[in-house]
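The values are calculated or read from the model by the stated rules, or taken from the named source; none is laboratory data. The model shown is predicted, which means the values in this text are computed figures rather than measured ones. Cβ: placed from backbone, ideal geometry, glycine included. Neighbour counts: every protein chain shown. Surface accessibility is based on the protein's heavy atoms, side chains included, excluding ligands, DNA and RNA. Shrake-Rupley method; radii C 1.70, N 1.55, O 1.52, S 1.80 Å.
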Amino acid sequence: MKEIIVVGGGLAGLISSIELAQTGYLVTLFEKKKYPFHRVCGEYISNEVVPYFSANQLFPDLELPQIQQFELSSIRGKSLQMPLDLGGFGLSRFELDQHLVNKASALGVRVHEQTTILSCVFSDEKFLIETSIGRQFEVDLVIGAYGKNSILDKKLSREFTSKRSPFLGVKYHVKTDAPKNMVSLHNFEGGYCGFSAIEDGKYNLCYLGSRSVLKKYGSIAEMEENVLCKNPQLKHLFKNSDFLFDKPEVINEFSFAPKELIENHILMAGDAAGLITPLCGNGMAMAIHSGKILADLIKVYWAGDSLKRSELEIAYLKEWNALFKRRLWVGRQTQKLFGTKFSSELAVGLVQSVRPLAKRIMKNTHGEPFQ
């Protein structure tokens, strides 16, 4: 039996698990939290995934808002709107992840929730996995799909972990009166906030800020009042929305720096392989696609009794770079246009006067529809 362990039950981990289980691989998936749960995520999915989701019955039975418009505002509130070439839809991770883990379980994936991987050692062509539930596992192949940060990153001495990250991510679900066909990006000093509709008449409000600014103001509420609400668009949202969480979802210490795709023969996917800046609004689609291409390549290079590990690693590196490397680079460069009064005004002005530039950025941070 071909046994595979997937570390992390986000989109990349769940998609790769589903793909592999359908083909007869024995897949064990570890997730440190208990489903369903909220994640700090923009919850906008590019329509590039629609052919794949439709062909594989991956859409949950929900009415999903279709998003065709993009809005951008500067810190001072100067704004513009434009159509999205490909468009997308809104769907919360709370609903989507639960739907996908149910599908994975039904296909025979062994799902261990509330379990952390303490160590993963590769020796003699085998991985020895130590878990927080006191069990050890030995398998031939491991997929690392554990998101933006993990204990495992430090255990593997991944290069980006040697530097402190300045970023802070915060997410709410709200109800308010706003367009359902639009994804908005609102600048504030030191960051930017995404806002778009999801299922059940709700909206996702998720922003990338600065830990140093949070430290200055002492609390998230004070930071929102004194920094985010300087943007009139954000002030309107914060003052005229019903916030549905008891407290915000928060994540910090995550990095947009380039990452190694393969660490000690662990095949990374999703945010563990590379994190696109939230302003590009395409992280969910990329995670889904990366999980699929990795599973497809495993099927090719472990089709018989022998796992062709080196060939698999070379092929995955080539395929992943072709699909995602440039998109991540463009995202990092584009992020430099946001987060200060000057740069946000410049960005809005440039997009307003040079529409082809905005379309080019969108094209270079989004992929083509896939199946």
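Observations
- q = 0.17, 0.19, 0.21 Å⁻¹, region 128-281: log10 I(q)/I(0) [Debye, one scatterer per Cα]: -1.02, -1.15, -1.28
- Note on the chain: Cα convex hull, mean projected area over all directions, 17.4 nm².
- Extension gain, L118 to L323: 0.36 nm times the residue separation minus the Cα-Cα distance gives 70.7 nm.
- Loop-exposed trypsin sites (Lys or Arg not before Pro) per DSSP, neighbour cap 11 Cβ within 10 angstrom, longest uninterrupted part of the chain: 165-335
- Ranked order, S310, S150 - accessible area, probe 1.4 Å, largest first: S310, S150
- Between L205, P369, T115, the Cα set farthest toward the positive side of the dipole of the chain (charges on each charged residue's Cβ, about the Cα centre) is that of L205.
- Residues of region 49-118: accessible area per residue with a 1.4 Å probe, Å²: 43 Å²
- Loop sites here are GluC sites (Glu not before Pro) outside DSSP states H, G, I, E and B with no more than 15 other Cβ atoms within 10 Å. The longest part of the chain free of them is 126-252.
- Within the accessible area of region 48-151 (1.4 Å probe), percent carbon and sulfur: 45 percent
- Pair K308, K180: separation of 7 Å Cα→Cβ label points (nm): 4.9 nm
- Of all DSSP-defined beta bridges confined to region 1-135, some 65% are antiparallel rather than parallel.
- Helix-only mean residue ellipticity at 222 nm for the chain, each DSSP H run of n ≥ 4 adding -39500 (n - 2.57), per residue, nearest 500: -10000 deg cm²/dmol
- Whole-number accessible area per residue in Å² for region 271-326, which is evaluated in the context of all protein chains at 1.4 Å: 40 Å²
- Under a model in which nothing but the beta-carbon of Lys, Arg (+1) and Asp, Glu (-1) is charged, region 54-198 shows a dipole of about 500 debye around its Cα centre.
- Mean Cα-pair separation over length for the chain, i.e. relative contact order, pairs under 8 Å, 6 or more apart, %: 24 percent
- Since only N226, S241, H289 are under comparison, the one whose Cα sits farthest along the positive direction of the charge dipole of region 200-289, derived from C-beta charges on Lys, Arg, Asp and Glu, is N226.
- Net dipole in debye of region 26-113 [+1 Lys, Arg Cβ; -1 Asp, Glu Cβ; about Cα centre; nearest 20]: 400 debye
- Computed magnitude of the charge dipole of the chain (debye, nearest 20; Cβ of K, R +1, Cβ of D, E -1): 1260 debye
- Theoretical gain in end-to-end length, E253 to A221 [0.36 nm per residue, Cα-Cα removed]: 9.5 nm
- What the Cβ-Cβ distance of M1 and D246 gives, at R0 = 30 Å and to the nearest 0.05, is a FRET efficiency of 0.10.
- Karplus 3J(HN,Hα) series, Hz, for region 98-111 with 6.51 cos²θ - 1.76 cosθ + 1.60 (x for Gly, Pro): 5, 4, 6, 5, 4, 5, 4, 4, 5, 8, x, 5, 8, 9
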